[in-house]
Amino acid sequence: MPLVPIDEKQYSIKIDLKYGTLDNFTKNIIYKKPKLYLLDEAADALKRASDLAQAMGYKLLVWDGYRPLAAAQKLWDAVPDPRFVSRPDETGPLGHARGVAIDLTLLDEHGHTLDMGTAFDAFTELSYHKNIDVPMTVQRNRFMLLGLMKAAGWDFITTEWWHYQLPNLRSYPLVKDRYIDSLIMDE
Ligand SMILES: [Zn+2]
């Protein structure tokens, strides 16, 4: 199962890989040459989700997809908390390192992010699905994203409103594509 490069135009989405910038919780650039990849099955599911978002006048903004294991290690070193970061070994779910997880939000027709109550990677219970301490508009926006992602074939996790993954996560092997990893990490 190959990794597929994801292009903004082809998928009608926006891409802003946060680990390719300083604007992430590690305050370091993790991807020296950020480029979005997903496993082919996940790429198809992203296209379905993008079509559903567009049908409502929205667009998907993607913050992360395939994440090399070396990058997962750096995130774990910064925040070793399994509620929010995958353990970089066989005990962690590591959806991103399997190429079947994605972090994203919705943009309105003006290109503004919908109010989801917290920023990406806000490691707080306010980021949990089913948290009703956030305003009603935030709950609606989150459930709209959840609904279209579920309909497109994605699964959610309880602790992060921005994270989706294909069902049966552990049936997908860790990718370990040294070539693509070196392209992203530039190491
Ligand atoms: Zn994620």
Practice problem: Please work out which one of (1) farther than 17 Å from Trp63 by Cα; (2) surrounded by fewer than 18 Cβ atoms within 10 Å (Cβ to Cβ); (3) within 16 Å of the ligand (Cβ to nearest atom) is the condition Thr159 fails and give its number. | Solution: (1)
Quiz prompt | Inter-residue pairs, beta-carbon under 9 Å, first under 27 Å from Lys47 (Cβ atoms) and assigned to a loop (DSSP other than H, G, I, E, B) and in region 65-85, second modelled with pLDDT of 95 or more and among the hydroxyl-bearing types (Ser, Thr, Tyr), 6+ apart | solution = Gly65/Tyr37; Tyr66/Tyr37; Arg67/Tyr19; Arg67/Tyr31; Pro68/Tyr31
Quiz item: Is one or more of the residues making up region 17-26 in a helix (DSSP H, G or I), exposed (fewer than 15 other Cβ atoms within 10 Å of the Cβ) and free of Cβ contacts under 8 Å to residues at least 40 places away in the same chain?
Solution: no
Quiz item: Of these, Asp103, Asp121, which one is among the acidic types (Asp, Glu), closer than 23 Å to Thr91 by Cα and not in a loop (DSSP other than H, G, I, E, B)?
Solution: Asp103
Quiz prompt | Residue under evaluation Ala53, criteria (1) touching a Lys or Arg at 6+ places or on another chain (Cβ under 8 Å); (2) within 15 Å of the ligand (Cβ to nearest atom); (3) of a type in the set (A, V, I, L, M, F, W, C), criterion not met | solution = (2)
Self-check item: So Ala49, is it in a helix (DSSP H, G or I) and under 26 Å from Ile29 (Cβ atoms)
Solution: no
Quiz item: Counting only residues that are part of a loop (DSSP other than H, G, I, E, B) and surrounded by fewer than 18 Cβ atoms within 10 Å (Cβ to Cβ), which one in region 134-156 is nearest to the ligand (Cβ to nearest atom)?
Solution: Gly153
Practice problem: State whether one or more residues within region 27-46 are touching a helix residue (DSSP H, G or I) at 6+ places or on another chain (Cβ under 6 Å), assigned to a helix (DSSP H, G or I) and of a type in the set (Phe, Trp, Tyr). | Solution: no
Quiz item: Between a first residue in region 162-187 that is in contact (Cβ under 8 Å) with a residue 24 or more places away in the chain and a second residue that is polar (S, T, N, Q) and within 15 Å of the ligand (Cβ to nearest atom), which pairs have beta carbons less than 7 Å apart while being 6 or more apart in sequence or on different chains?
Solution: Trp162/Thr105
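The values are calculated or read from the model by the stated rules, or taken from the named source; none is laboratory data. No experiment lies behind these values; they were computed from the predicted model shown. Quick reminder, even Gly has a Cβ in these numbers, built from the backbone with ideal geometry, and neighbours come from all protein chains shown.
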